[in-house]
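Following: one structure in structure tokens, then a few remarks.
Please treat every number below as a calculation from the coordinates, not as lab data. The model shown is predicted, which means the values in this text are computed figures rather than measured ones. Cβ placement follows ideal geometry from the backbone for every residue including glycine, while neighbour counts extend to all protein chains displayed.
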Amino acid sequence: MASSDFFREPFTVNSKNVVYTDDEITSNYTYNTTRVEGTVATPVEEKYTFKTQRKLPKLGVMIVGLGGNNGSTLVASTIANKHHITWTTKEGVQEPNYFGSVTQASTVRLGTNANGEGVYIPFHNLLPMVSPNDLVIGGWDISSLNMAEAMKRAQVLDHDLQRQLVPHLEKIKPLPSIYYPDFIAANQADRADNLIKGTKQENLDAVRAQIRDFKQSNGLDKVIVLWSANTERFSDIVEGVNDTTANLLESIKAGEAEVSPSTIFAVASILEGCSYINGSPQNTFVPGVLDLAEEKKVFVGGDDFKSGQTKMKSVLVDFLVSAGIKPTSIVSYNHLGNNDGKNLSAPQQFRSKEISKSNVVDDMVASNRLLYKENEHPDHVVVIKYVPFVGDSKRALDEYTSKIFMNGNNTISMHNTCEDSLLATPLILDLVLVCELAERITIKKEGVAEYEHMHAILSILSYMLKAPLVPRGTPVVNALFAQRECMINVFRACVGLPAESHMLLENRLASEINARHDPQKRFIFFRHVYRFRHFQIHIDLSSRRNSNTMAAPAKMRLRSEKHLSNITKRGLVSQPEKKEKGYSIGPILMGFFLFVLVGSSVIQILRTAQLGL
């Protein structure tokens, strides 16, 4: 028997708690959780109503850093997928795909079928979701190169694909962007030839106007803005400068030094009602920005794409700690040769990346006080070096040292070649598509009059982000499995399905399993297999009918045990028990019973044929 089933078609939920209309899906959902006070755990049941708008908008995406490796790869790959552009390498003809995108290339477990098998569907079929092929992509860059030249400079895609994409890309040019030399490495100055001039307030006004114009000129319903530009240094949080919305807006007018380009873009996006996502590690979301997002009820998400080494770390450390193994030392070394690596070779920009990479294990360590005492952490070191020759093919080397049984030591060493932009680009798609979907979901708790969106700090994006931004006062979750299940279970709730618990009680209880395989409960045909020494007689008593025959005849086949072993492996019949050698009356009785059964079956067949039934 196969372990799972799969279908691509859209599905509907058959439940009194779910109502479908042309405009929306409404779900009455019971949320079960556990409240813990002291040493007492109390199951709690809360009722919510979810509404999800079904109409898909015409969606635009504006990328800050459009001409960088990620931005140019995003534009090129969506065009290749949309037009199904194939290309040839030494390995043969290649077809475009969205591998690496959790929304486009992964499946989720919908439920269990009648055979106890898990049924899986594409992630993007859980709820109505915009297709990446339908995105309208634009944005800003401090470099004036068009997308064809930017793609060539990035050296990410194969040459034959680049050659075919040039006509599609050469007319796409990035908008002028903001450049404050103090925030990125000095070695980026030679790229900065496409700049918005003026004061910080004039920069803010210009970006807002660019967003409005992009939306209007392309006939868009929505725009989402995403930062994929250079890593900036951290901004100092200064009282009276960026600690509140009012102070931040005044600081922009005054041209305060601690207002970064990414913060200008975030403020402009929020004021235009557009969700903003930070794909780099700097602290774009100073308190004043978060206050503004909460006040305007506009989504923000961040920080830093989680694509390679850190994603592996969030899986491996979760596994070790969950297995009762104590990581004591984590040493991560990287070298890369793309422009990201060049920018990170400056100490202040590296420090931003180091912080985002180092905090990824904190919640997993804090979850197990059997392994770690209060304030105890594993030694954690992150090193990044710039090696131009390797280009976008980043090397990541990790060593995990752990304490195991009876204070033994275990060391895991890992080498990971991360094709940096080919891993990060699908995350951009996922962040944008999940964020847009969240904009169409509203929730109301029982007893509350009005529906509301999720909190402005959109923490369900955590799966794609290295240093997840969460609402202030709520815990950070870095464990990758938990992040993915959170996202999926929220979307399941939108269609009235329970959270996926993985209990699978239908496959744990003998009574449930036996009921599925009881011959008396099969509707199509019944299988009876009888064993006699080295042979088995397999009889199908079929009740199937069609237009050509009045009744399908019973089938009797004699099969050797060797032949039947293949059937047994597929789960069609039960494995016969081994019999010890020796004499027994059992075979005689079995032979007699078999004679009677076969004789009665033959008589029944002849009688059925004679009656024309």
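Summary table below
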quantity	calculated
Charge tally in the Cβ shell below 9 Å around V476, where Lys, Arg are +1 and Asp, Glu are -1, V476 excluded	-2
Alpha-carbon Debye profile of the range 402-443, log10 I(q)/I(0) at 0.19, 0.32 Å⁻¹	-0.70, -1.00
For the range 317-340 versus the range 223-275, the gap between their alpha-carbon centres in whole angstrom	32
Trypsin sites (Lys or Arg not before Pro) within the range 313-378: DSSP coil, no more than 11 neighbouring Cβ in 10 Å	R369, K373
Qualifying aspartates and glutamates (Cα of each under 12 Å from Cα of K326; at least 8 residues distant if same chain)	D318, E376, D379
Listed residues Y372, L344, V315: farthest to the positive end of the dipole of the range 309-417 (Cβ charges)	L344
For E24, E436, E91, E506, order by how many other beta-carbon atoms lie within 10 Å, fewest first	E91, E506, E24, E436
Net charge of neighbours whose Cβ lies under 14 Å from the Cβ of K326, counting Lys and Arg as +1 and Asp and Glu as -1	0
Assigned charges on the beta-carbon of Lys, Arg, Asp, Glu; the range 232-305 dipole about Cα centre (debye)	240
Qualifying lysines (Cα of each under 22 Å from Cα of K171; at least 8 residues distant if same chain)	K58, K82, K152, K215
Beta bridge orientation in the range 309-417: antiparallel %, DSSP, nearest 5	70
The range 416-513, dipole about Cα centre (Lys/Arg Cβ +1, Asp/Glu Cβ -1), debye to the nearest 20	240
Cβ-based exposure ranking for D141, D243, D318, in which fewest neighbours within 10 Å come first	D243, D318, D141
Alpha carbon convex hull of the range 164-248, volume per residue in cubic angstrom	161
Extension reserve of the N218-N410 stretch, reckoned as 0.36 nm per residue once the Cα distance is removed	63.4 nm
Cα centroid separation - the range 116-144 against the range 417-452, whole Å	10
Pairs of alpha carbons in the range 309-417 whose separation is greater than 25 Å (percent)	26
Straight-distance crosslink candidates among lysines, where the alpha carbon sits under 21 Å from K197 and sequence neighbours closer than 8 are dropped	K173, K253
Relative contact order (%) - criterion: Cα under 8 Å, at least six apart; region: the range 373-487	14
Per residue convex hull volume, Cα atoms of the range 95-138, in Å³	103
Exposure proxy order (Cβ contacts within 10 Å, fewest to most) of S501, S314	S501, S314
Value of relative contact order over the range 309-417, rounded to a whole percent, pairs C-alpha under 8 Å and six or more apart	40
Where chymotrypsin sites (Phe, Trp or Tyr not before Pro) fall in DSSP loop in the range 56-115, at most 16 other Cβ within 10 Å	F99
Kirkwood Rh, angstrom, the range 209-326 [1 / mean 1/r, Cα pairs]	15.9
